[in-house]
Amino acid sequence: MKNNNLKGWLYLLPAILFLGAFLVYPLIDVLIYSFEESFNFASQSSTGIGGFNYSYVLHDPYFLKALRNTFILVAVTVPLSTMIALFISVALSSVKKLRELFQTVYFLPYVTNTLAVGLVFMILFKQTPYSDGLINVILGVFGMSPVDFIGGPYWAKMLVLCVYTVWIVMPFKILILTGSLASVDNTYYNAAKVDGTSRFRVFRRITLPMISPTLFYLIITGFIGAFKAYSDAVALFGTQLNAAEMNTIVGYIYDMLYGSSGGYPSYASAAAIILFCIVLTITCINLLVSKKHVHYS
Amino acid sequence: MKVTLQNVTKKYPSRNKKQPSEVIAVKDFSLEIEDGALIGLLGPSGCGKSTTLNLLSGLQKPTEGRIFFGEDDVTDLPAENRGVGLVFQNYALYPHLTVKQNITFPLENRRGKDKLTRKQMDEMALETARLVQIDQLMDRKPSELSGGQQQRVAIARALVKKPRILLLDEPLSNLDARLRLQTREEIRRIQRSTGVTTVFVTHDQDEAMSISDLIVVMKDGVVHQIGKPQEVYDQPADLFVAKFLGTPPINMFDGNVRDGVLYIGEQAVQRQLSLPDGKVDVAIRPEGFTVNNSGAFTCDLDRIEVMGRDISIVSTHPDSLGECIRSIVSADSIKELSGAKVSFDLKPSKVHIFEKDSGKRLY
């Protein structure tokens with residue numbers, strides 16, 4: 001038995017070392033940094049220990065702005081992208097002709113580079129001295145005045161960011177959901193059919209519960225992914241996100257470390273820990289809610 | 001409810017593009033099922049019995065022919081409007097719903113004037129659950145039930161809506177041997193007490209023989225024989241039916257008819273036949289032999305298997321078409337066995353003669 005134990009640990013060793021060095025140690029380190037006031041990388045020294053960093057970050061208008069942006073982004077894109085993806089997946093599953101073609105088309109954004117997609121969105125939305133952008137041209141057809149989506153009002157920029165995020169996260173969800181839908185045993189549908197079940201009821205009472213573990217997985221990872229949003233905003237608005245009012249929490253952490261106003265690892269650490277707590281809380285809530293609604297077979 | 005199938009044919013388009021011939025799953029199937037009868041569709045896998053069941057349920061549409069429930073032509077009626085109860089081979093119980101929710105599921109589908117109150121549904125579910133004796137398990141999930149219990153739930157779900165006919169697809173194949181015996185009696189009991197016309201599909205002859213009022217023997221989409229179980233066993237219509245029914249299987253021989261006498265090899269085993277001369281296939285049921293040292297039919301004794309009440313004599317014969325000949329005789333006969341040979345008298349009713357090419361029964 002003892003011998004076995006030793007062997008077990010030996011097998012686990014590579015993973016433990018790797019995770020320890022690159023996950024657990026940095027995590028603890030960040031936690032320590034976040035409580036050390038005015039930590040200096042060069043001298044590896046700080047002026048004291050306390051909650052000052054947190055207090056600073058939580059009173060920093062840029063952080064509050066980033067927090068607000070991130071929450072809006074999460075609240076809008078996670079439900080929206082999941083619902084649209086579910087809708088498309090169900091539609092895809094009931095199509096027979098050209099199904100594989102559609103699946104490929106819907107999956108394309110996933111294999112496309114974020115920054116390249118960002119460029120395309122810029123072309124679609126950006127106003128330049130020479131062009132109003134494709135979207136504005138279309139809006140013009142309906143008699144609406146052009147809006148500067150990239151450099152204009154806050155709501156317009158937020159709209160673009162949300163549309164962009166929904167668009168970029170959708171392919172993965174569609175891929176996973178179509179797989180999950182295909183794995184539902186057809187006899188359940190036959191059984192329901194023989195019993196004269198309406199299509200809507202089949203979806204609500206059979207399909208949804210059957211794919212609920214997948215759906216739940218997508219919602220959790222969707223939340224986490226949206227809270228960590230950064231590259232999407234950069235792709236659209238460039239690196240000066242504070243100036244563009246479009247910063248996110250991760251963007252704020254980056255700026256605190258490396259940005260033009262950077263060099264504050266303590267503040268960055270505190271912000272990172274705050275983000276960690278938010279994600280942890282949301283995930284726990286998700287898990288609690290899921291107990292009631294997710295059916296594992 | 002009387003059920004009638006009229007010349008029903010089901011063809012599937014070929015999947016192989018190079019050979020665009022259609023696959024015929026069911027060919028020209030006609031059958032009239034009396035109200036309240038229990039019909040067993042019997043045949044080897046791929047014989048079209050499940051397709052027939054699907055045609056009855058409406059999950060598939062026949063290529064040709066009509067299907068009637070009573071006087072109604074239901075051929076073009078989709079499954080949801082036919083009012084059939086279908087029990088799937090794997091039961092298809094909804095895993096996320098409790099037993100009770102599974103049983104009430106079909107009732108909740110009713111809309112308009114047929115809509116039931118929750119109380120009515122619960123009452124109907126409980127009544128049906130009592131019938132199949134699962135009323136103690138109403139709050140369990142299917143995964144917490146044994147195979148036999150799951151099957152009862154599936155039957156209850158099919159019965160609760162008072163179906164016009166009940167269809168069972170291989171109802172016993174997922175159960176162990178003991179439970180299978182018990183459950184087939186149970187199916188018979190439930191069917192009797194509800195009086196619902198029932199069609200079930202099986203590849204197991206014991207199952208079909210023991211509980212059906214009528215069995216339909218199928219092969220390659222063609223109906224070979226329709227009849228009462230004993231009738232089909234005693235008077236098989238053709239070679240396939242004779243071979244398919246019976247355990248141990250029927251013994252096959254090359255035979256010859258000359259001047260009204262049946263010969264196996266040079267041994268005259270049966271006389272006074274009004275058959276034309278020529279080569280024939282002879283099939284003899286294992287119970288068609290009686291040991292008699294001066295009997296007409298002599299084989300080389302291989303071994304004896306003792307089964308208690310009976311013994312099984314395994315012997316060989318040069319004209320046997322099988323590997324060995326298996327005959328079941330009473331245990332007393334063991335006294336008469338000695339030496340390397342064994343001689344039998346044959347019971348005329350257990351000997352069947354078939355035409356060589358067509359397989360049709362001549363005698």
For chain A, what class follows from the C-alpha gyration tensor (a ≥ b ≥ c being the square roots of its eigenvalues): rounded when a/c is under 1.5, otherwise prolate if a/b is larger than b/c, else oblate? oblate
With +1 on each Lys and Arg Cβ and -1 on each Asp and Glu Cβ, how big is the dipole of chain A about its Cα centre, in debye rounded to the nearest 20? 1400
Please average, across the residues of A:204-213, the number of beta carbons from any other chain that are within 10 Å of each residue's own beta carbon, and give a whole number. 2
Compute a Gaussian network model of chain A, connecting alpha carbons closer than 10 Å, and tell me which residue from A:ASN286, A:ASN113, A:ASN242 fluctuates the most. A:ASN113
Can you pull out the trypsin sites (Lys or Arg not before Pro) in the range B:18-80 whose DSSP state is coil and whose Cβ has at most 15 other Cβ atoms within 10 Å? B:LYS18
Candidates B:ARG309, B:ARG164, B:ARG285, ranked by Gaussian network fluctuation over chain B, Cα under 10 Å, top entry: B:ARG309
B:VAL280 long-range amide H proximity, modeled H, under 5 Å: B:GLY255, B:ASN256, B:VAL257
Order of A:VAL57, B:VAL223, A:VAL76 - criterion: other Cβ atoms within 10 Å of each residue's Cβ, fewest first: A:VAL76, B:VAL223, A:VAL57
So the FRET efficiency between A:LEU287 and B:ARG110, C-beta based with R0 = 56 Å and rounded to 0.05, is 0.90
Roughly how far apart, in whole Å, are the Cα centres of the range B:292-363 and the range A:1-60? 85
Helix B:147-159 sits at what angle to the longest principal axis of chain B, using alpha carbons and giving 0 to 90 degrees rounded to 10? 60
Taking loop as defined by DSSP and a crowding limit of 16 other beta carbons within 10 Å, which trypsin sites (Lys or Arg not before Pro) in the range B:224-271 fit? B:ARG271
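Hey, fewest Cβ within 10 Å first, where do A:LYS193, A:LYS291, B:LYS162 land in order?
Details: A:LYS193 18, A:LYS291 7, B:LYS162 12.
So the residues, fewest neighbours to most, are A:LYS291, B:LYS162, A:LYS193.
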Treating only the Cβ of Lys, Arg, Asp and Glu as charged (+1, +1, -1, -1), what charge dipole size does the range B:1-92 show about its Cα centre? Round to the nearest 20 debye. 720
For B:LYS243, list the aspartates and glutamates whose Cα falls under 13 Å from its own Cα; do not include residues on the same chain fewer than 8 positions away. B:ASP234, B:ASP281
Using a basic spin-label model with each label point 7 Å from the Cα along Cα→Cβ, how many nm lie between A:TYR130 and A:VAL95? 3.6
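Classify the range B:95-230 as rounded, prolate or oblate, taking a ≥ b ≥ c as the square roots of the eigenvalues of its Cα gyration tensor: rounded when a/c is under 1.5, otherwise prolate if a/b is larger than b/c and oblate if not.
prolate
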At most 11 other Cβ atoms within 10 Å and a DSSP loop assignment: could you name the chymotrypsin sites (Phe, Trp or Tyr not before Pro) in the range A:113-146 that fit? A:TYR130, A:PHE142
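Could you put B:SER146, A:SER260 in order, starting from the residue whose Cβ has the fewest other Cβ atoms within 10 Å?
Least to most surrounded, the residues fall as A:SER260, B:SER146.
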Return the single residue from B:LYS347, B:LYS335, B:LYS113 with maximal mean-square fluctuation; model: Gaussian network over chain B, springs between Cα atoms under 10 Å. B:LYS113
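Every read-out reported here was derived from the displayed coordinates using simple, explicitly stated rules and does not represent laboratory data. Everything quoted here is computed from the prediction, not taken from an experiment. Cβ coordinates were reconstructed from backbone atoms using ideal geometry, including for glycine residues, and neighbour counts include every protein chain displayed.
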